[in-house]
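Novice: The following block contains the structure, expressed as C-alpha cells.
The values are calculated or read from the model by the stated rules, or taken from the named source; none is laboratory data. All figures in this text were calculated on a predicted structure; none of them were measured in a lab. Cβ placement follows ideal geometry from the backbone for every residue including glycine, while neighbour counts extend to all protein chains displayed.
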C-alpha cells in the first residue's frame, strides 16, 4: 500500500530490483535514498503528572553484563484509559533495553523506548513494581526521564 492505494493500481514505472531497506534509531524507514517517517497520528494522553515514578536500586548481573533497575509506579490520579505505557525519555541510544513494547514516534520523544504496564494499573490508587533490563556496552549510563502515556493513540 502507498498512500492508501495498492501498488498495482498506481500508474508509472517502478524499479524491479530490490533496494536496501532499514529502520534507524528514530524508527524511520530508510528505503534506497528515501527517508520515511511514520505518521504520528493521534497521540496518547500524557499522564505523567498523575503518576508517581520511583526509581529504586540498580542491581548488576555480572555474568550477562545487564543492569536491572527497580521502578515503582503509583497511579495518584483517577482511572486511566488502557493501555498505559512508561516511556524512557532521554535514554542514551548506546543503551539497549529488553522486554519493550516499542519506540515512540511522538514529536520530541521520537525513538524513546516504552513498556506497556499491566492492564490493572489503570485503576486509581494502583501501584506496580517493574524491573527493567538494560545492557550498557558503552558504559553510557542508564539515565532517563520517565514519561507516562495512557489511552489509545501513538506513544
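Novice: Just for segment 126-150: of the residues that are at pLDDT below 95, touching a strand residue (DSSP E or B) at 6+ places or on another chain (Cβ under 7 Å) and part of a loop (DSSP other than H, G, I, E, B), which one is nearest to residue 73 (Cα to Cα)?
Specialist: 132
Novice: Within segment 69-80, which residues are farther than 18 Å from residue 147 by Cβ and surrounded by 14 or more Cβ atoms within 10 Å (Cβ to Cβ)? Full working, then the answer.
Specialist: So the first thing to find is which residues in segment 69-80 are farther than 18 Å from residue 147 by Cβ, and the list is 70, 78-79.
Once the filter is applied, which keeps residues that are farther than 18 Å from residue 147 by Cβ and surrounded by 14 or more Cβ atoms within 10 Å (Cβ to Cβ), segment 69-80 yields only 70.
Novice: What residue, of 77, 65, is at positive phi, assigned by TED's automatic domain parsing to the domain that holds residue 130 and more than 17 Å from the chain's Cα centre (by Cα)?
Specialist: On the way: 77 fails: at positive phi.
Criteria check complete, one pass: 65.
Residue by residue, here is whether (1) over 14 Å from residue 43 (Cα atoms); (2) in contact with a helix residue (DSSP H, G or I) (Cβ under 6 Å, 6 or more places away or on another chain); (3) crowded, with 16+ Cβ neighbours inside 10 Å holds:
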{"residue": "99", "(1), (2), (3)": "yes, no, no"}
{"residue": "111", "(1), (2), (3)": "yes, no, yes"}
{"residue": "119", "(1), (2), (3)": "yes, no, no"}
{"residue": "127", "(1), (2), (3)": "yes, no, no"}
{"residue": "131", "(1), (2), (3)": "yes, no, no"}
{"residue": "148", "(1), (2), (3)": "no, yes, yes"}
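Novice: In segment 87-100, which residue that is part of a loop (DSSP other than H, G, I, E, B) and either more than 8 Å from the chain's Cα centre (by Cα) or modelled with pLDDT of 90 or more (or both) is nearest to residue 151 (Cα to Cα)? Steps first, please.
Specialist: Going residue by residue through segment 87-100, those that are part of a loop (DSSP other than H, G, I, E, B) are 90-95, 99-100.
Checking the rest, the ones that are also either more than 8 Å from the chain's Cα centre (by Cα) or modelled with pLDDT of 90 or more (or both) come to 90-95, 99.
Numbers: 90: 22, 91: 23, 92: 27, 93: 27, 94: 30, 95: 27, 99: 20 Å.
Step by step, filter segment 87-100, then rank; the result is 99.
Novice: Looking only at segment 53-66, which residues are loosely packed, with under 13 Cβ neighbours inside 10 Å and in a strand (DSSP E or B)? Walk me through how you get there before you give the answer.
Specialist: Taking segment 53-66 first, the residues loosely packed, with under 13 Cβ neighbours inside 10 Å are 54, 56-65.
The answer is 54, 56, 57, 58, 59, 60, 61.
Novice: Go through (1) over 18 Å from residue 127 (Cα atoms); (2) under 19 Å from the mean Cα position of the chain (by Cα); (3) modelled with pLDDT of 85 or more one by one and return the number of the condition residue 83 breaks.
Specialist: (1)
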